[in-house]
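Asker: My questions will all concern the structure given below.
The values are calculated or read from the model by the stated rules, or taken from the named source; none is laboratory data. All of these numbers come straight from a predicted model, not from anything done at the bench. Here the Cβ positions follow ideal geometry from the backbone for every residue, glycine too, while neighbour counts run over all protein chains shown. Please note that ligands, DNA and RNA were not included when accessible areas were found on the heavy atoms of the full protein model with its side chains. Shrake-Rupley method; radii C 1.70, N 1.55, O 1.52, S 1.80 Å.
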Amino acid sequence: MKTVFAVDDSPTARASIEYTLSKGGYHVELAEDGVIALDKINGYSKPIDVFLFDVNMPNMDGITLIKRVREIAEFKFTPILFLTTESQESKKMEGKTAGASGWVVKPFEPEQLISLIKRFTGE
Amino acid sequence: MNDALHDIYIQEAEDNLQILESAIISIEENPDDKDTINEAFRAIHSIKGGAGLAGFSGIKDFTHIIEDLFEHIRSGVLRVQENHISVILDSLDIIKMMIKNIKTNQDSNTGIDTEDIISQIKKMISRIDGAEIGGNEFEKKDETGISKRNFFHLNLKYYSEVFNSGIDPLMFISDLEKAGKILFIHTDTHEFPEISEFNPELFYLSWRLFFETEISEKDIYDIFCFVIDESEITITNMNSIIDNPDALAEFAIEGKTLSDFIISEKEAEPASSNKPTEHEKREEHRKVEDRRKIDRRESDPGAVSYIRVQTEKLENIFNSVSELLILQARLNMLTEEYSEDIPDGFDAVADSLKNITTIIQEQVTSLRMMSLSSTFDRFKRVVRDIATEQGKKVILFIEGQDTELDKNMIEKLNDPLKHLVRNCIDHGIETADERMRKGKKPEGQLRLSASIESGQVLIEIADDGAGINKEKILQKAIERKLVSKEQNLSEGEILSLIFHPGLSTAEKVTDLSGRGVGMDVVKSTITELHGNIDIFSEDNKGTTFRLHLPLTLAILDGMLVSVGNEKYILPTLSILEIFRPLAEHLKTISAKGEVVFFRGDYIPIIRLHALFNIDNAIAEPSDAQLIVVYSGGMKAAILVDTVLEQFQIVLKSLQRNFHKVENISSATILGNGDVALILDIQNLFQNLVKTNNV
């Protein structure tokens, strides 16, 4: 089972991501913000296949988190997707520059998210 | 509509509204506070995002426009002005109504007109950037997908560091396969270095291919949008040259032209549609929705890091634990009573059980603890509203909002706190002009603070206003025959008169709030919560209301006392001291009756045996014990035979089964199964004042 590590400060988003992805056959790890996420990622012993970060978060925003995760040797080539909305066009480029692999537009349909993740895991 | 996601959303949205509301008030004060603006943006963004995810499109669409406004504020295009704040606050009220609607399973927009406010916001935004306003962008996504076969020639040469963004270039090939048909593909390995030069972190391949699809050129570009800037990707639409062999030859791959692949394909069935029609999409969407609903009902969404539980369920656990505590106390008594007959080892088991019961009780209590922050935050808006309404300037200081309190108590505290705050602004804090004349800052200061003090919660509401006019109160009280002129009331006693129904009812008329909650109601609510309220007031320095509350409602620390053959419990919260008086400290004064000298002051004695007509009680105070209790700035000494023990009481309200019993607040079951009544100190004091009047 592949592992998706998702970070979002919104409980609704987390619940929805977890629900969707576990239905889709993924193991989901969750964190509420960038700081907690980095902590968890560093201490995580099993492989992580895809990262899914919200852009707007307290403490550490998603863009910074992308940069920080890319700096970890183990995740240099791991797909990192970020969650954004249609109103944040400029964020897409920022995310890309930070090292992201792609984005997910919120709100998303469950199938959309699954197929996007499949796209990056090559399933 | 009753699934978990919706509930989580409602909870989250309410939290975010709270954050927004206080953020906006702070933004009004500091329009350049980037952090708070970001915080507000995040909150509105989450409300919108969550609404989309939870399927509340009405909320999503409405919050979208507010988010736009915030985006303009955040990016610095728009500077926050008074009218923005008002519009945003109004919008929040609308969102609140929408949440209320979905709570009752109605459509979010039922009975709500958003048009006016949307057009106001649009105007604000359009003043900045012309007519381009969000909202239209939904319509932009029209269907260009008239079933049509397109042929493309693609040249895909990625940048060599493509792996660094976590992208596998093969991904794009499979994307294309999903969106159409790759007729022919050639992999170019020319760039591949000598093996000694080979760097596994770089990408050396490129592809050329013919692609047949129904999607448009733009859609193909979209597939590559994340790498297109760095890579050399050319997409050529071949439709126009399909019948021109010379032109086709220019795009040959390995000597083959597009025509080699489409001649056989042309008459075949149209490629199976990857882009469903609008109708199909809607159908599919509905099926997905249905499936989702069924899935949710049938299965566990998997491991969760937390669970939201209805408070009612917590209440039930709490009640069961209360019963457990009573039985535990009974067990303790029995083990003591029959210690001779009990087999070895039983004691140890009983002890362990007692410890576990205590732990369970503490844990269950902690489940209901909530911080006061959301309650306090709400006051930012309340204070702003009241101050504006009164034409006064008030700055609110909040301290100790992390203090935790039983959730049930927090709910009941809202109204009294609101009333006290209102009272401070209405009657305490002066107008800016008056304050200046008095040499004060024009802005009144209101402090709302909470802290834990020796196992109790202390909440203070303090203003730096004019203070309470004691003479006026006393005069009014005498006029209304609440007290007599002869009574020599202490300062505390005079101040506590404002809680007297006879006085505060009259105050209601002058109370601009018109909300009908008088100070007497504040007092009785606090008393109901087994708390105490004190007032401190100094002329022109201000007034402080100090609330002492137990941490929880259901468990009370009490002192068990005996009077004759009866047992009563006094809430420990109200007790100041217990002592046996010296005969020479006892006196009888005409206006106050029987008093005792206590710490430089004479305080009235309340004889419980006389009050409750108990025989065989000790009548001589110097042979008995006096318990000094206080409430609302008043002190009195309660005469009891002996003080038995202090213990935690599981409260059982009497009033569900009985009418309000004078001087008694509730009852509890003792370890031996006897019922003990809990004294209502507040009520005792009121009756004391009455008796003295007569």
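Asker: Among the numbered conditions (1) open to solvent by less than 20 Å² (accessible area, probe 1.4 Å); (2) under 19 Å from A:F120 (Cα atoms); (3) outside any loop (DSSP other than H, G, I, E, B), tell me where B:F211 comes up short.
Answerer: (2)
Asker: Scan the range B:245-268 and give yes if some residue there is aliphatic (A, V, I, L, M), outside any loop (DSSP other than H, G, I, E, B), at pLDDT below 80 and open to solvent by less than 50 Å² (accessible area, probe 1.4 Å), otherwise no.
Answerer: Taking every residue of the range B:245-268 in turn, at least one turns out to be aliphatic (A, V, I, L, M), outside any loop (DSSP other than H, G, I, E, B), at pLDDT below 80 and open to solvent by less than 50 Å² (accessible area, probe 1.4 Å).
Asker: Looking only at residues in the range B:432-462 that are within 18 Å of B:T403 (Cβ to Cβ) and among the charged types (D, E, K, R), which one is farthest from the chain's Cα centre (by Cα)?
Answerer: B:E453
Asker: Check off (1) outside any helix (DSSP H, G or I); (2) touching a residue at least 12 places away in the same chain (Cβ under 8 Å); (3) within 19 Å of B:G166 (Cα to Cα); (4) of a type outside the set (V, I, T) for A:N56 and give me the number that stays unchecked.
Answerer: It is condition (3) that A:N56 fails.
Asker: Pick from the range A:51-63 the residues that are under 13 Å from the mean Cα position of the chain (by Cα) and facing chain B (nearest Cβ under 10 Å): which of them is nearest to B:P169 (Cα to Cα)?
Answerer: The selected residue is A:F51.
Asker: Same structure again: Of all residues in the range B:522-546, count the ones that are among the β-branched types (V, I, T), touching a helix residue (DSSP H, G or I) at 6+ places or on another chain (Cβ under 9 Å) and either open to solvent by 80 Å² or more (accessible area, probe 1.4 Å) or more than 25 Å from B:A667 (Cα to Cα) (or both).
Answerer: 2
Asker: So, one more: Can you pull out the residues in the range B:169-204 that are more than 14 Å from chain A (Cβ to nearest Cβ), surrounded by fewer than 16 Cβ atoms within 10 Å (Cβ to Cβ) and within 30 Å of A:I114 (Cβ to Cβ)?
Answerer: B:T187
Yes/no matrix, rows are residues, columns are (1) surrounded by 11 or more Cβ atoms within 10 Å (Cβ to Cβ); (2) under 30 Å from B:D68 (Cβ atoms); (3) more than 13 Å from every other protein chain (Cβ to nearest Cβ); (4) at pLDDT below 85:
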position	(1), (2), (3), (4)
B:G134	yes, yes, no, yes
B:I146	no, no, yes, yes
B:L156	yes, no, yes, no
B:V162	yes, no, no, no
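Asker: Turning to a different aspect of this structure: Out of all the residues in the range B:464-485, which are assigned to a helix (DSSP H, G or I) and open to solvent by 70 Å² or more (accessible area, probe 1.4 Å)?
Answerer: B:E471, B:K472, B:Q475, B:K476, B:E479 - these are the residues of the range B:464-485 that are assigned to a helix (DSSP H, G or I) and open to solvent by 70 Å² or more (accessible area, probe 1.4 Å).
Asker: Determine whether B:E39 is within 9 Å of another protein chain (Cβ to nearest Cβ), open to solvent by 10 Å² or more (accessible area, probe 1.4 Å) and modelled with pLDDT of 85 or more.
Answerer: Taking the combined requirement at face value, the residue satisfies it.
Asker: If I ask for residues that are in contact (Cβ under 8 Å) with a residue 12 or more places away in the chain and surrounded by fewer than 15 Cβ atoms within 10 Å (Cβ to Cβ), which ones from the range B:328-343 would you list?
Answerer: Answer for the range B:328-343, where residues must be in contact (Cβ under 8 Å) with a residue 12 or more places away in the chain and surrounded by fewer than 15 Cβ atoms within 10 Å (Cβ to Cβ): just B:M333.
Asker: Answer yes if at least one residue in the range B:72-91 is assigned to a loop (DSSP other than H, G, I, E, B), under 20 Å from the mean Cα position of the chain (by Cα) and more than 13 Å from chain A (Cβ to nearest Cβ), and no otherwise.
Answerer: No.
Asker: Further question: Only one residue in A:I72, A:I66, A:I41 is away from every other protein chain (no Cβ under 11 Å) and either touching a strand residue (DSSP E or B) at 6+ places or on another chain (Cβ under 9 Å) or among the charged types (D, E, K, R) (or both). Which one?
Answerer: Matching residue, one of A:I72, A:I66, A:I41: A:I41.
Asker: B:I44 versus (1) farther than 16 Å from A:I17 by Cβ; (2) at the interface with chain A (Cβ under 9 Å from one of its Cβ atoms); (3) touching a Phe, Trp or Tyr at 6+ places or on another chain (Cβ under 7 Å): which is the lone unmet condition?
Answerer: Among (1) farther than 16 Å from A:I17 by Cβ; (2) at the interface with chain A (Cβ under 9 Å from one of its Cβ atoms); (3) touching a Phe, Trp or Tyr at 6+ places or on another chain (Cβ under 7 Å), the lone unmet condition for B:I44 is (2).
Asker: Could you check B:I19 against (1) facing another protein chain (nearest Cβ under 9 Å); (2) open to solvent by 20 Å² or more (accessible area, probe 1.4 Å); (3) at pLDDT 85 or above and say which number it fails?
Answerer: Against the list (1) facing another protein chain (nearest Cβ under 9 Å); (2) open to solvent by 20 Å² or more (accessible area, probe 1.4 Å); (3) at pLDDT 85 or above, B:I19 comes up short only on (1).
Asker: For the range A:34-60: of the residues being open to solvent by less than 10 Å² (accessible area, probe 1.4 Å) and not hydrophobic (A, V, I, L, M, F, W, C), which is nearest to A:K92 (Cα to Cα)?
Answerer: A:D54
Asker: Same structure, new question: Given the conditions (1) within 8 Å of another protein chain (Cβ to nearest Cβ); (2) open to solvent by 10 Å² or more (accessible area, probe 1.4 Å); (3) in contact with a strand residue (DSSP E or B) (Cβ under 7 Å, 6 or more places away or on another chain); (4) assigned to a helix (DSSP H, G or I), report the number of the one that A:L30 does not fulfil.
Answerer: Of (1) within 8 Å of another protein chain (Cβ to nearest Cβ); (2) open to solvent by 10 Å² or more (accessible area, probe 1.4 Å); (3) in contact with a strand residue (DSSP E or B) (Cβ under 7 Å, 6 or more places away or on another chain); (4) assigned to a helix (DSSP H, G or I), only one is false for A:L30: (4).
Asker: Considering only the range B:391-413, state which residues are under 20 Å from B:E21 (Cβ atoms), open to solvent by less than 40 Å² (accessible area, probe 1.4 Å) and in a helix (DSSP H, G or I).
Answerer: Matches in the range B:391-413: B:I410, B:L413.
Asker: Check whether at least one residue in the range A:82-93 is of a type outside the set (D, E, K, R) and in a helix (DSSP H, G or I), and report yes or no.
Answerer: Yes, the conditions are met somewhere in the range A:82-93.
Asker: Let me ask something additional. Contact list please: Cβ distance under 7 Å, first residue in the range B:52-81 and of a type in the set (K, R), second residue part of a helix (DSSP H, G or I), pairs at least six apart or on different chains.
Answerer: Note: pairs meeting the criteria are B:K60/B:K48; B:K60/B:A51; B:K60/B:G52; B:R74/B:I37; B:R74/B:N38; B:R74/B:F41.
Asker: Tally time: how many residues in the range B:313-366 are assigned to a helix (DSSP H, G or I) and among the aromatic types (F, W, Y)?
Answerer: Qualifying residue count for the region: 2.
Asker: When residues of the range B:414-433 are filtered for being open to solvent by 70 Å² or more (accessible area, probe 1.4 Å), under 20 Å from B:I395 (Cα atoms) and of a type outside the set (K, R), how many remain?
Answerer: Result for the range B:414-433: 2.
Asker: Oh, and also: Can you work out which of the residues in the range A:101-123 that are part of a loop (DSSP other than H, G, I, E, B) and under 28 Å from B:I65 (Cα atoms) is most open to solvent (accessible area, probe 1.4 Å)?
Answerer: Once the filter is applied, the top-ranked residue is A:E109.
Asker: Next up: Out of the residues in the range A:84-123 meeting the condition of being among the small types (G, A, S) and under 18 Å from A:D49 (Cα atoms), tell me which one is nearest to the other protein chains (Cβ to nearest Cβ).
Answerer: Residue satisfying both the conditions and the ranking: A:S101.
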